[in-house]
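Asker: The structure under discussion is supplied below as structure tokens; questions concerning it will follow.
The values are calculated or read from the model by the stated rules, or taken from the named source; none is laboratory data. All figures in this text were calculated on a predicted structure; none of them were measured in a lab. So basically every Cβ, Gly included, is an ideal-geometry build from the backbone, and we count neighbours across all protein chains shown.
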Amino acid sequence: MPEEIVTAVEGGHITDVTASNRIIRELVEARQQAKACCEGSRMSCTDSSTKATLFPEPDEAIEDLDLDLDSAEPLPGAFDDSLPTSGEPPAERLLERAVAVIRQRRQSYGPPREHFAKTVAAINAIFAHKLREPLTVADWAQVMILDKLARHQGTAKTADTPIDLAGYAACLAECEEC
């Protein structure tokens, strides 16, 4: 975890990282949706059927935090499960986090087969004179696994390496499907 998150957690400012991150993410996303809706029309930024504001206010759990929700981006779920949860084995938490990352990356970058195809095409073009045969999208998934392992062997170890490895292994399986 980054130092400022650890400090906030240890200092008791954030007691439940998962819940705090979820609440903040929901508020940011609701405000962004409402802002996009209002910018696209001449309507007021209130839901006329319920007369409820589309810009929700933070609840008591985070009201004392100094947040600029109007210009904020949705938070990644990277720290949602950083603290131990009751009863769930670490391997299951890791796999659940890997699934969440895969879904987010698929939404951002498209399916791994498509994303890796773009990357591997560029690599093949640049290194064509050195390759005996072009790399495949499955080859690229393996390269990414090796890259994560190499980073983990260095001084820049991160807690998300096992999650990334699980994600790239899943991408490899998807890329090898016919």
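Asker: Looking at region 127-154, I want the residues that are more than 19 Å from GLU177 (Cβ to Cβ) and assigned by TED's automatic domain parsing to the domain that holds ARG113 and have a partner that is surrounded by fewer than 14 Cβ atoms within 10 Å (Cβ to Cβ) and among the charged types (D, E, K, R) with Cβ atoms under 9 Å, at least 6 apart or on another chain. Which pairs are those?
Answerer: Sorted first by the residue in region 127-154, then by its partner, the pairs are ARG151/LYS157.
Asker: Also, I was wondering about something else. Take GLU174 and decide whether it is among the charged types (D, E, K, R), under 23 Å from LEU94 (Cβ atoms) and out of contact with any strand residue (DSSP E or B) (no Cβ under 9 Å at 6 or more places or on another chain). Write out each step before concluding.
Answerer: On the way: among the charged types (D, E, K, R): yes; under 23 Å from LEU94 (Cβ atoms): yes; out of contact with any strand residue (DSSP E or B) (no Cβ under 9 Å at 6 or more places or on another chain): yes.
So GLU174 fits the description; yes.
Asker: If you don't mind, another one. Out of all the residues in region 65-76, is one or more at pLDDT below 55, among the small types (Gly, Ala, Ser) and either over 22 Å from ALA169 (Cα atoms) or part of a loop (DSSP other than H, G, I, E, B) (or both)?
Answerer: Yes, region 65-76 contains a residue that is at pLDDT below 55, among the small types (Gly, Ala, Ser) and either over 22 Å from ALA169 (Cα atoms) or part of a loop (DSSP other than H, G, I, E, B) (or both).
Asker: Can you spot a residue in region 157-164 that is modelled with pLDDT under 90 and basic (Lys, Arg)? Working first, answer last.
Answerer: Quick first cut of region 157-164, residues modelled with pLDDT under 90 only: 157-160.
With the extra rule that they be basic (Lys, Arg), the set shrinks to 157.
Taking every residue of region 157-164 in turn, at least one turns out to be modelled with pLDDT under 90 and basic (Lys, Arg).
Asker: For the subset of region 155-177 comprising residues that are assigned to a helix (DSSP H, G or I) and of a type in the set (D, E, K, R), which member is surrounded by the most Cβ atoms within 10 Å (Cβ to Cβ)? Don't jump to the end; show me each part of the working.
Answerer: Within region 155-177, the subset assigned to a helix (DSSP H, G or I) is 161-176.
Those still in the list that are of a type in the set (D, E, K, R) too: 164, 174, 176.
Values: ASP164: 20, GLU174: 17, GLU176: 12.
So the residue we want is ASP164.
Asker: Examine region 99-121 for a residue that is modelled with pLDDT under 55, part of a loop (DSSP other than H, G, I, E, B) and either within 22 Å of GLY167 (Cα to Cα) or among the aliphatic types (A, V, I, L, M) (or both), and state whether such a residue exists. Steps first, please.
Answerer: Residues of region 99-121 that are modelled with pLDDT under 55, as a first pass: none.
No - not one qualifying residue is present in region 99-121.
Asker: Another one. Condition test on GLU133, is it over 22 Å from the mean Cα position of the chain (by Cα) and within 30 Å of PRO90 (Cβ to Cβ)? Break it down stepwise before answering.
Answerer: Working: over 22 Å from the mean Cα position of the chain (by Cα): yes; within 30 Å of PRO90 (Cβ to Cβ): no.
When the stated conditions are applied, GLU133 does not pass them.
Asker: Could you count how many residues in region 122-148 are at pLDDT 95 or above, assigned to a helix (DSSP H, G or I) and surrounded by 14 or more Cβ atoms within 10 Å (Cβ to Cβ)?
Answerer: 11
Asker: Is there any pair linking a residue in region 107-120 that is surrounded by fewer than 16 Cβ atoms within 10 Å (Cβ to Cβ) to one that is basic (Lys, Arg) and assigned to a loop (DSSP other than H, G, I, E, B), with Cβ under 8 Å and at least six apart or on different chains, and which?
Answerer: Here the result reads none, with nothing in region 107-120 linked to a residue that is basic (Lys, Arg) and assigned to a loop (DSSP other than H, G, I, E, B).
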